[in-house]
1. Sort out which residues of region 199-227 are of a type in the set (A, V, I, L, M), closer than 29 Å to residue 355 by Cα, touching a strand residue (DSSP E or B) at 6+ places or on another chain (Cβ under 9 Å) and not in a strand (DSSP E or B), and write them in order of number.
2. Give me the residue from region 127-146 that is at pLDDT 90 or above and aliphatic (A, V, I, L, M) and, out of that set, farthest from residue 224 (Cα to Cα).
3. Which of the residues spanning region 93-129 are assigned to a helix (DSSP H, G or I), open to solvent by 20 Å² or more (accessible area, probe 1.4 Å) and more than 28 Å from residue 367 (Cβ to Cβ)?
4. Applying the selection to region 135-150, what residues are of a type outside the set (D, E, K, R), open to solvent by 10 Å² or more (accessible area, probe 1.4 Å) and touching a Lys or Arg at 6+ places or on another chain (Cβ under 9 Å)?
5. Considering only strands (runs of 3 or more DSSP E) fully contained in region 130-198, which possess at least 1 residues that are in contact (Cβ under 8 Å) with a residue 24 or more places away in the chain and polar (S, T, N, Q)?
6. Looking at region 398-417, is at least one residue polar (S, T, N, Q) and open to solvent by less than 20 Å² (accessible area, probe 1.4 Å)?
7. Out of region 204-228, which residues are free of Cβ contacts under 8 Å to residues at least 60 places away in the same chain and open to solvent by 60 Å² or more (accessible area, probe 1.4 Å)?
8. Here are 344, 376: which of them is of a type outside the set (Asp, Glu) and open to solvent by 10 Å² or more (accessible area, probe 1.4 Å)?
Amino acid sequence: MPKVGITQQDQASQPATATPVTNSRRVGVGLCLSGGGFRAALFHLGAVRRLNELGVLGQVRTISAVSGGSITANLLADPRLVWPAEHGASLAGADLVVQGFEECVAEPLRRLTARNVRTPALLSKLWPSRWHMPDSAVRALADAYVDAVPWWSKPLRDNETGGPAIVLGATEVAYGVDWTFADPTAQRPNGRMGDYRLGYAAPPSSVRLADAVAASCAFPPFFAPLTLPGADLGLTGGHPDHETPEQRAAILEQIRLADGGVYDNLGLEPVWRNHATVLVSDGGAVFRARAERTVWGRLLRILGVATGGGTSVRLRWLHASFARDVMSGSTWGLDTVVPQGYPAPVVELIDAVRTDLDAFTRDEQRVLERHGYLVADHVVRQYVPSAVRIDAPLDPPHPRVADPDVVRRALRGSARRALLGRW
């Protein structure tokens, strides 16, 4: 399939008069990696590993990600990775396998998720030199990412690769819409950032890859939004709402970017309009039915319904689109039980693993990666068999955690968040 970058019209957040894209204009495979902290990042690692073995990853045109998913996606932007020419337009077999996956993606992600980057970033706000910085914690988080993955210090505008377009999502707080960071592969020559309300511009050299990931992971109320001086960015093409010029100027003075999962935890919007195949890996929170007996518990439950409703609606719409042949694709989640995978009681334990940027043990990492691998294999083979170009034998990683009893021991206490984190 041809290599096609995204354009401004690719964004789902368009004025109500936008015309839907017809099937004939849909091109390529879009891969969406959801939010969900380190838990989601490790789950996606397993899924992407299997997609690579099956020759699916080499066909992907766009990887769209938010929050924890943005960590895995940004590792797939490593310029040392060797991607198939033309993204699999006329390739088959081993020619579709992305080379360097273990060294450039899997190993760095394991090193990063073995660290507690959350607590030091939050405590950085206590330093007197940072008292005047409302976004000091998320800036410190970006610095922690650079410390763990040094090449993420590179400006976003300079990181063109031979692979798919990488689009990371944040939530622009004033208008409540999807703000995207797109690399130069997505939008030549220097990438693009912005949203359809405020407009778009090439990222300045001061915006590093790590800053884009940190903005996408700035989950409130723990992390205040990342702020950008909008008046200096040269944004063009925006569609104001009903605000006055004074109100718009105030918004532009300090653009605030929160966790991308607040608006679209599936990262669907950059791909849903014009991709022929959409694959969604969902490592986000799993919503379970339960009764509430206190006013406080009921309030928290209602807030959970309100925040999770958008994700549910997007998934229902996407599945309906698959059923009507608007596009092909599939979705899989942390709670998916597959025949060759973990049994349902063990999957319940995996569902409960904390969504955090705290340190994960080696066995926690292994369980999540293995689970993502097995789930993605089953779902893609069953629902999108045409995307599978290599009949690679199933070879799940980390046989050490294949035994459900080992998993139960490994995940003992994994649902609990520690106040100062795990070290």
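1. First pass over region 199-227, keeping only residues of a type in the set (A, V, I, L, M): 201-202, 207, 209-210, 212-215, 218, 224, 226.
Still in the list and also closer than 29 Å to residue 355 by Cα: 207, 209-210, 212-215, 218, 224, 226.
Subsequent filtering for residues that are touching a strand residue (DSSP E or B) at 6+ places or on another chain (Cβ under 9 Å) retains 207, 209, 212-215, 218, 224, 226.
207, 209, 212, 213, 214, 215, 218, 224 - these are the residues of region 199-227 that are of a type in the set (A, V, I, L, M), closer than 29 Å to residue 355 by Cα, touching a strand residue (DSSP E or B) at 6+ places or on another chain (Cβ under 9 Å) and not in a strand (DSSP E or B).
2. 146
3. Taking region 93-129 as the starting set, the residues that turn out to be assigned to a helix (DSSP H, G or I) are 93-96, 101-113, 118-126, 128-129.
Right, trim to open to solvent by 20 Å² or more (accessible area, probe 1.4 Å) and you get 93-95, 102-103, 107, 110-111, 118, 120, 122-123, 125-126, 128-129.
The answer is 93, 94, 95, 123, 125, 126, 128, 129.
4. To start, the set of residues in region 135-150 that are of a type outside the set (D, E, K, R) comprises 136-138, 140-142, 144-146, 148-150.
After this cut, where a residue has to be open to solvent by 10 Å² or more (accessible area, probe 1.4 Å) as well, the list is 140, 144, 146, 148, 150.
Matches in region 135-150: 140, 144, 146, 148.
5. Details: elements: 165-172, 177-182, 192-195.
Where strands (runs of 3 or more DSSP E) fall fully within region 130-198 and carry at least 1 residues being in contact (Cβ under 8 Å) with a residue 24 or more places away in the chain and polar (S, T, N, Q), they are 165-172, 177-182.
6. First pass over region 398-417, keeping only residues polar (S, T, N, Q): 414.
Then drop every residue that is not open to solvent by less than 20 Å² (accessible area, probe 1.4 Å), which leaves 414.
Within region 398-417 (the criterion being polar (S, T, N, Q) and open to solvent by less than 20 Å² (accessible area, probe 1.4 Å)), the answer is yes, since at least one residue qualifies.
7. Initially, region 204-228 is screened for residues free of Cβ contacts under 8 Å to residues at least 60 places away in the same chain, giving 204-207, 220-221, 228.
Residues satisfying the conditions are 205, 206, 221.
8. Working: 376 fails: open to solvent by 10 Å² or more (accessible area, probe 1.4 Å).
Just one listed residue meets the conditions, 344.
The values are calculated or read from the model by the stated rules, or taken from the named source; none is laboratory data. Everything numeric here is computed off the predicted structure, so don't read it as measured data. All Cβ positions, glycine included, derive from the backbone under ideal geometry; neighbour counts span all protein chains shown. For accessibility, only protein heavy atoms count, side chains too; no ligands or nucleic acids. Shrake-Rupley method; radii C 1.70, N 1.55, O 1.52, S 1.80 Å.
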